[in-house]
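Everything on this sheet refers to the single structure shown next.
The values are calculated or read from the model by the stated rules, or taken from the named source; none is laboratory data. Given the structure is predicted, the values throughout are model-derived calculations rather than measurements. Every residue, glycine among them, receives a Cβ derived from its backbone with ideal geometry; neighbour counts consider all protein chains shown. Areas reflect the complete protein model, heavy atoms only, side chains present, ligands, DNA and RNA absent. Shrake-Rupley method; radii C 1.70, N 1.55, O 1.52, S 1.80 Å.
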Amino acid sequence: MRFTEHLPESCIVPALWSRDQRGVLHELSGTLAASTGTPLPLFERPLSERERICSTAIGEGLAIPHCRVERLRNVVACVAVHRDGVDFGAKDGQPVKLWVTLVSPSQAAGAHLSLLSRIAALLRDVRLRQAVMEAPSAAAIRALFIRAEESYLATHPIRHEYHHLSAPGL
């Protein structure tokens, strides 16, 4: 299963405008809702609840908000960049400038964990993170992730057990 299969260009925001965590979660949820034709609360509530439990900001300007949702039928991802950064509760105290959000159906725990692992592996590359933050458009950001994932898959075998969830959206 490829992460980029679940990342439509319509779910990439090259320039977030929100200035706080609540606003960012609202903006990410709105992007996911608009792209999938799903009501915004379906995304915003569980993402906000997940952040209340523990921040998904992992440091170095990066956060990976994620949750599983009851009524969702397919995995969907969102990538967003904020040029100045937003306080998102990172342990290193740095503002977050790059978000990679993953929302999966509640019954897809295995696929969810597999994709989170793939996202984390891709984002270990500082050059990728920097290129994404400097990219001029959603298309350019998606192309960067596709190239990074192709490179990753060339050295790591792909697992097919969750292939039935490969279509983006709902």
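One table, with the values for the structure above:
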read-out	value
Burial order of peptide ranges 99-105, 124-130 (average beta-carbon count within 10 Å, highest first)	99-105, 124-130
Which of 150, 44 is most accessible, then next, and so on - probe 1.4 Å	150, 44
Candidates 70, 51, 149: whichever shows maximal mean-square fluctuation once the chain is modelled as a Gaussian network with Cα springs under 10 Å	70
Under 13 Å from the residue 53 label point (7 Å along Cα→beta-carbon), backbone N, the stretch 64-93	65-70
Rounded Å value of the spacing that divides the Cα centres of the stretch 32-64 and the stretch 85-161	14
Per residue accessible area of the stretch 39-170, 1.4 Å probe, in Å²	50
Cα gyration tensor shape of the stretch 1-61, rounded if a/c is under 1.5, else prolate or oblate by comparing a/b with b/c	rounded
Percent carbon-and-sulfur accessible area, the stretch 41-156, ignoring ligands, DNA and RNA, probe 1.4 Å	51
Cβ-Cβ FRET estimate between residue 124 and residue 34, R0 fixed at 25 Å, reported to 0.05	0.25
Dimensionless Rg over Rh [the stretch 25-93; C-alpha; Kirkwood]	0.97
